[in-house]
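Structure record follows, encoded as structure tokens.
FYI, it's all coordinate maths here, none of it is from the lab. What you see is a predicted model, and the numbers here were worked out from it, not measured in a lab. Cβ: placed from backbone, ideal geometry, glycine included. Neighbour counts: every protein chain shown.
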Amino acid sequence: MKKTFNLTHPKIKTDRLIEAVKADVNKYLKRERRRELPEGVDFWDFTCKFGPTAKEAKGVHVAEVGKCIDAVKEETWESCYVEILAKPGRRKKKPQQTNTESNAQPASEYTPR
């Protein structure tokens with residue numbers, strides 16, 4: 001999704017327009033997450049950009065898009081650009097713990113104060 005949202009309208013309040021932007025973004029994310037995963041892929045990952053225009057947009061994490069949209073209200077932008085692109089994601093294995101790390105303080109020897 002690459003879209004510029006107008007945040008000014010003669011009859012609609014800015015707060016309602018911002019809520020509509022957030023709803024549109026959340027609807028898109030839900031729709032993309034429902035798509036069938038290709039073989040060997042664990043989840044859908046998202047590359048996101050946000051800014052007043054496409055040229056001024058900066059990369060943000062998908063969890064921060066809603067916060068960025070809320071911040072627009074305080075900055076009084078006339079429009080905002082949102083770019084969200086889905087890409088396949090693969091989980092990384094956690095590093096194996098060594099024996100010394102796992103036995104640092106066993107639960108049976110712990111005594112509360």
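Residue count for segment 1-46 satisfying the condition of being aliphatic (A, V, I, L, M), assigned to a loop (DSSP other than H, G, I, E, B) and without any contact (Cβ under 8 Å) to a residue 12 or more places away in the chain: 1. Note on segment 21-49: among residues that are of a type in the set (A, V, I, L, M, F, W, C) and over 12 Å from Val65 (Cα atoms), the one that is surrounded by the fewest Cβ atoms within 10 Å (Cβ to Cβ) is Phe43. Within segment 1-25, the set of residues being under 19 Å from Ala57 (Cα atoms) and of a type outside the set (Val, Ile, Thr) comprises Met1, Lys2, Lys3, Phe5, Asn6, Leu7, Lys22, Asp24.
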